[in-house]
1. Given R₀ = 35 Å, what would the calculated FRET efficiency be for Ser180 paired with Trp128, taking r from the Cβ atoms and rounding to 0.05?
2. On the Cα set of the range 168-207, report Rg and Dmax in Å, please.
3. Provide the percentage of antiparallel DSSP beta bridges, counting only those with both residues in the chain; round to the nearest 5.
4. Taking the Cα centre of the chain as the origin, how large is its charge dipole in debye, to the nearest 20, when only Lys and Arg (+1) and Asp and Glu (-1) carry charge on their Cβ atoms?
5. Please state the equivalent ellipsoid semi-axes for the chain: what are the square roots of 5 times the Cα gyration tensor eigenvalues, largest first, in whole Å?
6. So what J values fall out for the range 177-182 if you push phi through Karplus, 6.51 cos²θ - 1.76 cosθ + 1.60 with θ = phi - 60°, rounded to Hz, Gly and Pro as x?
7. With r as the distance between the Cβ atoms of Lys80 and Glu148 and R0 = 30 Å, compute the FRET efficiency 1/(1 + (r/R0)^6) and round to 0.05.
8. How large is the translational diffusion coefficient of the range 98-217 in µm² per second when you combine the Kirkwood radius over alpha carbon pairs with Stokes-Einstein at 10 °C and 1.306 mPa s?
Amino acid sequence: MARATLTITSKNYSSWSLRGWLLTRFAGLDVDEIVVSPDDPAARAEILLLSSSILVPCLRHDGAVVWDTLAIAEYLNEIKPEAGLLPDDRILRARCRSICGEIHSGFANLRSSLPVNLKGHFPNFRIWSRAQADIDRIVTLWSDCLAESGGPFLFGERTMADAMYAPVVTRFRTYDVRLSSRLDGYADVIMAMPEMQEWVAAAKLEPTDIEELEVDF
């Protein structure tokens, strides 16, 4: 059987690539990375939120081609149920799917105002009021999940939700978004994961900068 592949783009800028990559790692699925340069017009349009379709990540495994992060998450849960990408409890599974769906399809103002940039750091960044509303909603989601689960992850053990919100954690760190000690502790847990450490180290070695995402606006 051919080895599984995961097509991604910039590790510094692509939130979707990070999500898909983390999901495969959480599931324990060995994949070969196929990296599309951020200079590729389609990849660049996607990173800059100018594309109507998400082209990466794309997982190819045992004849299946899966190119959406939620679809990848559900596919991995299907083939690797022992990985615990979804909680065992039915009600918690529903909640996990719901908050994953919310970050997948919402928070447009946060995405556009605070783009992922792992090499960047913008202290005293002025946050637009509509982006702040997205931040407030995420704070509520995280607070509710952690209050119920007790942490250290959103549902106690690591699930697909932590992969889906990991890019948000990086955004909060890049733009110095203030969090409560409880939520800052959750962010520390995410950033300390070996998988995140590996991804961030690779991102910092990328030679390409996208000028539009380097402006302190």
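1. Details: r = 21 Å, r/R0 = 0.61.
The formula returns an efficiency of 0.95 here.
2. 11.1, 35
3. Values: 8 of 13 bridges.
Of those bridges, close to 60 percent are antiparallel.
4. Working: 22 positive and 31 negative charges, 79 e Å.
In total the dipole reaches around 380 debye.
5. On the way: eigenvalues 120, 110, 44 Å².
They are 24, 23, 15 Å, listed from largest to smallest.
6. 6, 7, 10, 5, 4, 5
7. Working: r = 25 Å, r/R0 = 0.84.
After rounding to 0.05, the efficiency reads 0.75.
8. Working: Rh = 14.9 Å.
The estimated diffusion coefficient comes to 106 µm²/s.
Values quoted throughout were computed directly from the atomic coordinates according to the rules given, and no laboratory measurement underlies them. This structure is a prediction, so every number in the text was calculated from the model and none was measured. Cβ atoms come from the backbone with ideal geometry, glycine included; neighbour counts cover every protein chain shown.
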